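The values are calculated or read from the model by the stated rules, or taken from the named source; none is laboratory data. This structure is a prediction, so every number in the text was calculated from the model and none was measured. Cβ atoms come from the backbone with ideal geometry, glycine included; neighbour counts cover every protein chain shown.
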Amino acid sequence: MGDQPIWITFIVTLIIMLVLLLGMAYTTWVERKILARFQDRLGPTRTGPAGLLQPLADAVKLMGKEDLVPRGADRKMFLWAPMISFVAAVLSVSVIPFGGTVEIFGQSVNLFIADLNVGALFLLAAGSIGTYGIILAGMSSGNRYSLLGGLRGGAQVISYELVLGFSLVGIFLISGSMSLGDIVAQQKQTIGIGPFEIQNWFILSQPLAFVLFMIGAVAENNRAPFDLPEAESELIAGHMTEYSSFRFALFYLGEYIAILIMCLFASTLFLGGTAGPGADRFWGLGILWLVLKVVAFFFFYVWLRATLPRFRFDQLMGLAWKVLIPLALVNVLLTAFFRLLANGQVF
Amino acid sequence: MSWDVIFFFVLAAGTLVGGIATVAAENPVHSAVGLLVSFINIAGIFVMLGSEFLAVLQIIVYTGAVLVLILFVVMLIDPENLPAFYVAQPLQRYVSLLLGLVLLLEIGAAIITRTAMEAIGPHSPAWIESAGGNIQAIGQVLFSEYALALEIASLVLGVGVIGAVVLGVPERLGRMAGLEKATISLGHSRGLNPQLPAGHKFETPMDIPAERYDVPEGPRRVIMTKSADEYKHPGETAQGTRR
């Protein structure tokens with residue numbers, strides 16, 4: 001974690017942001033293709049080979065549309081809400097470690113933007129600011145459907161953020177740190193199972209937390225089966241109903257970037273981040289492993305969307321408060337107990 | 001002027017602008033947004049003081065939970081139905097002024113005793129370093145020195161939670177305590193015609209003959225009784241005979 005001149009930080013940030021935006025465009029393509037396969041269709045095929053240019057075509061189309069503001073809308077807030085959503089999503093990539101400090105052309109470069117000592121909490125905080133995009137959009141649109149979508153979004157995100165936060169406590173207890181860099185380093189220790197030496201990823205010691213985290217992450221991203229705020233069969237598009245043109249695209253961008261961040265976050269916390277065969281020798285392989293893990297998580301997201309029907313709102317809240325949060329508390333208690341046992345502080 | 005000072009003044013100005021907007025905005029939702037701006041700038045000041053943990057907590061707890069709940073309340077009321085929001089009662093005005101002055105004096109006293117009289121507290125940067133960082137330092141102090149205050153705070157929060165539950169499920173609690181007062185039904189099974197016999201329980205609208213729906217013109221009445229069959233039309237006695 002050496003110091004580096006600020007211009008290198010700027011270059012690394014620029015590259016990460018560009019890759020994130022491009023990656024977001026192609027997650028929509030990947031999602032449409034996979035979803036089409038699940039539903040026995042082909043998905044986009046016309047634009048470019050295998051529909052690969054479809055995201056670009058969508059972006060050009062959206063920018064060409066008229067930017068409408070409804071007459072009953074609270075104009076200023078209506079215009080600002082999508083930006084809150086987008087900025088909060090992009091902001092949270094700054095604490096994800098893509099590797100340690102490496103030598104590139106004789107310069108030592110940190111493969112992360114910032115290694116905060118509260119990195120994991122920073123991600124949760126950015127997520128909670130992103131909620132304001134949904135709530136303010138819902139309330140400023142001057143549309144009942146939007147208002148209902150905003151209310152649902154707010155209530156859902158508050159509840160599931162608790163689930164996310166509690167599922168992380170176990171990891172903090174084991175690793176003794178909230179910095180994502182430290183958490184990745186902690187998972188490099190190996191344990192022996194029979195003749196094999198495997199890395200002690202937190203999914204092995206915290207399986208319950210992993211399940212809770214994934215459920216919470218899907219709900220936090222407002223994805224099916226928890227996509228209540230934009231349930232099209234009841235609310236048209238929820239908080240996005242009145243948006244058009246690039247403001248709609250900003251919501252879309254924010255949503256998919258938040259999904260990518262959650263996938264990165266889950267890989268970092270539970271699957272050892274950049275760890276994998278050969279990652280210690282060459283940092284590029286580490287990034288490749290991280291990308292592969294993110295793709296696997298994203299496939300899981302799409303798989304869920306294609307498989308499960310949507311929850312009812314009372315079921316959604318009941319699940320969070322009556323099942324997931326008590327389970328998460330049990331997990332915290334058990335982890336704390338075994339931690340003390342390992343330290344020899346019990347009995 | 002170093003960058004630190006410039007950043008501090010930017011953040012402090014943001015906090016003040018947010019605070020003034022909270023008080024001065026006509027629309028309660030704009031007030032809430034002003035408070036949001038204020039909170040985020042305060043988190044920025046915490047980061048400049050080197051306490052990232054407090055900054056993140058400030059955002060998660062205050063902007064992520066408390067302010068969202070305030071927004072919920074504000075969103076669901078129509079500001080035109082709420083003249084009291086804009087014009088406070090004289091008593092409220094004077095009491096809030098007094099409380100504000102007391103708070104200002106308190107903060108001023110804290111600043112003066114800590115800086116002018118050079119009585120710096122025991123939690124110096126060196127002490128935090130020796131504790132192993134911000135998070136560890138806060139944890140140690142909170143669960144040893146201030147353990148009693150923490151427990152009292154959690155007791156208060158517990159009372160709040162129980163209160164919310166009591167408010168949230170009055171029907172079920174009432175049924176358990178045998179205190180259930182009334183059920184509200186907009187359409188009685190007999191309609192508004194007392195001549196008809198009381199319908200059997202769990203009667204669905206499908207089973208009710210059409211002539212029972214002789215509801216007169218005008219708004220429907222809200223009928224409050226213990227159960228639908230105990231409802232008596234005006235002039236009807238318990239035995240079902242008309243006076």
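Quick check: anything in segment B:69-84 on the phi < 0 side of the Ramachandran plot, at pLDDT 80 or above, surrounded by fewer than 20 Cβ atoms within 10 Å (Cβ to Cβ) and more than 7 Å from chain A (Cβ to nearest Cβ)?
Taking every residue of segment B:69-84 in turn, at least one turns out to be on the phi < 0 side of the Ramachandran plot, at pLDDT 80 or above, surrounded by fewer than 20 Cβ atoms within 10 Å (Cβ to Cβ) and more than 7 Å from chain A (Cβ to nearest Cβ).
So, A:F105, is that one surrounded by fewer than 21 Cβ atoms within 10 Å (Cβ to Cβ) and free of Cβ contacts under 8 Å to residues at least 40 places away in the same chain or not?
So A:F105 fits the description; yes.
Taking segment A:73-109 as the search range and keeping residues that are assigned to a loop (DSSP other than H, G, I, E, B), over 17 Å from A:G286 (Cβ atoms) and out of contact with any helix residue (DSSP H, G or I) (no Cβ under 6 Å at 6 or more places or on another chain), which one is modelled with the highest pLDDT?
Filtering first and then ranking leaves A:F105.
For every residue, the table says whether it meets (1) in a helix (DSSP H, G or I); (2) free of Cβ contacts under 8 Å to residues at least 40 places away in the same chain; (3) under 28 Å from A:F226 (Cα atoms).
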| site | (1), (2), (3) |
| --- | --- |
| A:G272 | no, no, yes |
| A:G284 | yes, yes, no |
| A:W289 | yes, yes, no |
| A:A296 | yes, yes, yes |
| A:F300 | yes, no, yes |
| A:F311 | no, no, yes |
| A:L316 | yes, no, yes |
| A:L329 | yes, no, yes |
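Is there any pair with a first residue in segment B:96-108 that is surrounded by 10 or more Cβ atoms within 10 Å (Cβ to Cβ) and a second that is outside any helix (DSSP H, G or I) whose Cβ atoms are under 8 Å apart and which are 6 or more apart or on different chains, and what are they?
From residues that are surrounded by 10 or more Cβ atoms within 10 Å (Cβ to Cβ), the pairs are B:S96/B:A88.
So, of the residues in segment A:72-90 that are surrounded by 18 or more Cβ atoms within 10 Å (Cβ to Cβ) and closer than 22 Å to B:A55 by Cα, which turns out to be nearest to the chain's Cα centre (by Cα)?
A:A89
I'd like to know if segment A:325-339 contains one or more residues that are within 22 Å of A:I198 (Cβ to Cβ) and among the basic types (K, R).
yes
Return yes or no: is A:V118 modelled with pLDDT under 85 and among the aliphatic types (A, V, I, L, M)?
Against the criterion (modelled with pLDDT under 85 and among the aliphatic types (A, V, I, L, M)), A:V118 qualifies.
A:G176 is checked against (1) surrounded by 15 or more Cβ atoms within 10 Å (Cβ to Cβ); (2) modelled with pLDDT of 75 or more; (3) more than 23 Å from A:L136 (Cβ to Cβ) and fails just one. What number does that condition carry?
(1)
Among the residues of segment B:48-66 satisfying the criterion of being free of Cβ contacts under 8 Å to residues at least 12 places away in the same chain and within 8 Å of another protein chain (Cβ to nearest Cβ), which is farthest from A:W80 (Cα to Cα)?
Within segment B:48-66, the first condition is being free of Cβ contacts under 8 Å to residues at least 12 places away in the same chain, and the residues that meet it are B:49, B:57, B:60-61, B:64-66.
Narrowing the set further to residues that are within 8 Å of another protein chain (Cβ to nearest Cβ) leaves B:57, B:60, B:64-65.
Working: B:L57: 25, B:I60: 21, B:G64: 18, B:A65: 21 Å.
Filtering segment B:48-66 for residues that are free of Cβ contacts under 8 Å to residues at least 12 places away in the same chain and within 8 Å of another protein chain (Cβ to nearest Cβ), the one farthest from A:W80 (Cα to Cα) comes out as B:L57.
Could you list, in sequence order, all residues of segment B:1-47 that are modelled with pLDDT under 85, more than 14 Å from chain A (Cβ to nearest Cβ) and either within 24 Å of the chain's Cα centre (by Cα) or closer than 21 Å to A:A114 by Cα (or both)?
Scanning segment B:1-47 gives B:D4, B:V23, B:A24.
Of the numbered conditions (1) crowded, with 19+ Cβ neighbours inside 10 Å; (2) modelled with pLDDT under 85, A:I171 satisfies every one except a single condition; which is it?
Of the numbered conditions (1) crowded, with 19+ Cβ neighbours inside 10 Å; (2) modelled with pLDDT under 85, the odd one out for A:I171 is (2).
Identify, from the list A:G142, A:G154, A:G170, A:G150, the residue that is more than 10 Å from chain B (Cβ to nearest Cβ) and under 25 Å from A:M77 (Cβ atoms).
Step by step, each of A:G142, A:G154, A:G170, A:G150 is checked, and only A:G142 is more than 10 Å from chain B (Cβ to nearest Cβ) and under 25 Å from A:M77 (Cβ atoms).
Are any residues in segment A:110-135 more than 7 Å from chain B (Cβ to nearest Cβ), hydrophobic (A, V, I, L, M, F, W, C) and in a helix (DSSP H, G or I), and if so, which ones?
A:A120, A:L123, A:A126, A:I134
Suppose the filter is surrounded by 15 or more Cβ atoms within 10 Å (Cβ to Cβ), among the aliphatic types (A, V, I, L, M) and either out of contact with any helix residue (DSSP H, G or I) (no Cβ under 8 Å at 6 or more places or on another chain) or over 19 Å from A:N222 (Cα atoms) (or both); does A:V330 pass it?
no
Which condition number in (1) part of a loop (DSSP other than H, G, I, E, B); (2) buried (at least 19 other Cβ atoms within 10 Å of the Cβ); (3) away from chain B (no Cβ under 14 Å); (4) out of contact with any Leu (no Cβ under 7 Å at 6 or more places or on another chain) is the one that A:E66 fails?
All conditions are met except number (2).
Answer yes or no as to whether A:N110 is within 19 Å of B:F53 (Cβ to Cβ) and surrounded by fewer than 22 Cβ atoms within 10 Å (Cβ to Cβ).
Against the criterion (within 19 Å of B:F53 (Cβ to Cβ) and surrounded by fewer than 22 Cβ atoms within 10 Å (Cβ to Cβ)), A:N110 does not qualify.
Condition check: surrounded by 15 or more Cβ atoms within 10 Å (Cβ to Cβ) and closer than 22 Å to A:P207 by Cα. Does A:L304 satisfy that?
So A:L304 passes the test.
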